[in-house]
Each structure stands twice: as structure tokens, then as C-alpha cells.
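Below: the structure, in C-alpha cells.
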Amino acid sequence: MLSKKERKVMRVLYLRCSDKPSALVSPQSIKNHCEELSIPEIEGIVKALSQDGYYDLIYSERQGEKIYCISFSEKGKGFLRSEKVFKRNLAYRFGLTFVFALLSFVIGLVLKAIF
């Protein structure tokens, strides 16, 4: 399960690499999409996601700026699908909780009327 910050960074990387086998991404371009994150946080998250097997990561440098060369693995390519499944499961759980709360309320009213 990814944290909120990891999901944000992963979405940015996925959008940059979705139609290509690999892409070059700078920490600053990620920061432009995730403004609440600092560059050291982004670097740590990118490294952690690579270690988790979402993509292969190669560090490079272009005109003195750090660049990531990212190639998604099968786990990384399935990221959007897993996000959709997570949201669907969350909605299902909220719905089920609401139904049971409503059922408990109705049963409470019935018992109150009987006794």
C-alpha cells in the first residue's frame, strides 16, 4: 500500500512514461506537479518506489541537473488499475458501513417501539 505522497509521485511518473517504454524525468519536474514535496523528499520517494519494484531507475545528469531514467516494470504498469480497484473497494466499504448503520438504526427503532 502506497502512502499519499508516494501515490502522487507515482501518478506523475506514470503520466510521463505511460506511452513510452522509458522516460527522462527531473526531480524539479516532479516538484512542479507535487508542490508540497521538497526535492529531498521526492528523491527518497523515487528511490523507495524503485526498490519496491515499480520501475527500474538509472541516475543521470544533464547540464548539471540530476535526471532519472525510468522504465516501468509490470507492477508499475498496473499502477492505475490498482488505484481504480482501491477506490472501488473504498466506496464499497463506505456503502456497506452506511447500510449497516441504517439497519442498526431501524432495528433500534423497532426494538424501542416493541419495548
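The values are calculated or read from the model by the stated rules, or taken from the named source; none is laboratory data. As the structure is a computational prediction, the values presented were derived from the model and not from experiment. Every residue, glycine as well, gets a Cβ built from its backbone with ideal geometry; the counts of neighbours run over all protein chains shown.
Listed by first and then second residue, the pairs with beta-carbon distance under 7 Å, at least 6 apart or on different chains, first residue in segment 3-25 and under 17 Å from Glu35 (Cα atoms), second among the basic types (Lys, Arg), are Val25/Arg16.
Of everything listed in (1) in the same structural domain as Met1 (by TED's automatic domain parsing); (2) at pLDDT 90 or above; (3) small (Gly, Ala, Ser), the single unmet condition for Ser104 is (1). Taken together, Cys69, Cys34 contain a single residue that is surrounded by 15 or more Cβ atoms within 10 Å (Cβ to Cβ) and either modelled with pLDDT under 95 or touching a strand residue (DSSP E or B) at 6+ places or on another chain (Cβ under 6 Å) (or both), which is Cys34.
Cβ-Cβ distances below 8 Å connect the following pairs, each with a first residue in segment 50-70 that is charged (D, E, K, R), a second residue that is assigned to a loop (DSSP other than H, G, I, E, B), and a separation of six or more residues or different chains: Asp56/Ser73; Arg62/Ser26; Glu65/Ser26; Lys66/Ser26.
Of the listed requirements (1) in contact with a Leu (Cβ under 6 Å, 6 or more places away or on another chain); (2) surrounded by fewer than 17 Cβ atoms within 10 Å (Cβ to Cβ), Ser50 misses just one: (2). Total residues in segment 72-115 satisfying the condition of being surrounded by 11 or more Cβ atoms within 10 Å (Cβ to Cβ) and either free of Cβ contacts under 8 Å to residues at least 24 places away in the same chain or more than 20 Å from Val9 (Cβ to Cβ) (or both): the figure is 7.
Taken over segment 10-21, residues that are over 16 Å from Arg81 (Cα atoms) and surrounded by 13 or more Cβ atoms within 10 Å (Cβ to Cβ) amount to 1.
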